[in-house]
Amino acid sequence: MKKIIVFLILTISASNVHAQVQEKKNISNKSTEKKHGNLTANYQLFPTQNKWTFIKLNTRNGQMWQVQYSLEEGNTFETSLNSISLVTEENEIVGRFTLYPTQNIWNFILLDQIDGYTWEVQWSTEDKNRLLIPIH
């Protein structure tokens, strides 16, 4: 009888441990998906540290727009950060480009995930302060 009870306790414990490991794996996969978004999407929105501003990225060619929303009428807009494709049309691939935030609220790093090229992206509420420059 004692052997049966010990066997049941071990079986239940093993099942519980397996369920916890599986749950941690699922949580980890979901956070990775949130961080990197949908890799099959032509366009992705990346939040900035400003709750009203996002960067919209064309993941095929590196074109970007600053998107601002507001609860007040007339304060919403979308403006270009980079209107020029960074690759030729035949080299456009969905998911090729992605953005990484930096510690600076205004700056991101744009990465070409195929060639490894990087650019500094700066968004701003002022036209003259928006930029895209290659990092060599």
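Where a number appears in this text, it was derived from the coordinates with a stated rule and is not lab data. As the structure is a prediction and not an experimental result, all values here were calculated from the model. Note: ideal-geometry Cβ built from the backbone for every residue, glycine included; neighbour counts use all protein chains shown.
Across segment 83-106, what is the total count of residues that are touching a Phe, Trp or Tyr at 6+ places or on another chain (Cβ under 8 Å) and under 17 Å from Lys56 (Cβ atoms)?
5
Okay, residues lined up against (1) within 25 Å of Lys51 (Cα to Cα); (2) touching a strand residue (DSSP E or B) at 6+ places or on another chain (Cβ under 7 Å):
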{"site": "Ile84", "(1), (2)": "no, no"}
{"site": "Gly116", "(1), (2)": "no, no"}
{"site": "Trp119", "(1), (2)": "yes, yes"}
{"site": "Thr125", "(1), (2)": "yes, no"}
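Are there strands (runs of 3 or more DSSP E) fully within segment 56-104 with at least 1 residues that are small (Gly, Ala, Ser)? List them.
Those strands (runs of 3 or more DSSP E) span 77-82.
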